[in-house]
Structures are given as C-alpha cells and as structure tokens.
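A short reminder: the numbers here are calculations on the coordinates, not readings from a lab. Since the structure is predicted, the reported quantities are computational estimates derived from the model, not experimental observations.
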Ligand SMILES: [Zn+2]
C-alpha cells in the first residue's frame, strides 16, 4: 500500500467519523420534552450515543495522529517501541500507531 492510498483511506474514514460526530451532536441538541414518557428511553439512548461519540472522537484523534506521521514519513512505525507495524495490522487498522505487541501490552 503506498502513501497516497493510505492517506485516502485515512481521509475518507476521517470524513465518515466527522459526519457521525456531528450527527450525534445534532441528536443531543434535539428538543427532549415532547413526550415525557419517552424520557427513560431517551436517556438510555443518550448513553449509547455518547459511547459512540467518544469512540468516534478517539478514532478521529488516532487518524489525525496517523496522518501527521504519514506527513513526516514515520507512518507504519510503532510509537512505543519503534518497530515496523505489520502490513496485515495496518490493513485492518490503518490509523493504528502501535504495533500489535505494544497495543496488547496497553490493554
Ligand atoms: Zn511496539
């Protein structure tokens, strides 16, 4: 996979996530007092939405970092141990900044 392809993949994922984040934002701002009986469900939805929101924000941060690394030619190297990240791993997680070993040490 060359740099341009990787950048395209990262940018399109970034756009998708940004769209998701702004849609969830809109949903949060919607009027909530139309129907009181729905409030319980609404707050459960809020939890799910905010989890999705957080997940998207974390991924966006990773993508921004990966794009930066791509720009300075350090993409594909583990930020923790400096080893090359395997091609297979980058294909599955193009925005990862850790090799599989360091990522599993982390969790
Ligand atoms: Zn590593």
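Tabulated values for the structure
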item	result
Rounded tilt (10° steps) of 39-71 against the dominant C-alpha axis of the chain	20
Acute angle (nearest 10 degrees) that the helix 3-29 long axis makes with the longest principal axis of the chain, alpha-carbon atoms	20
For the chain: rounded, prolate or oblate by the Cα gyration tensor [a/c cutoff 1.5]	prolate
Sequence-separation-based contact order of the chain, relative, with Cα cut under 8 Å and 6+ spacing, percent	27
GNM flexibility winner over the chain from 53, 14, 83 (Cα, springs under 10 Å)	83
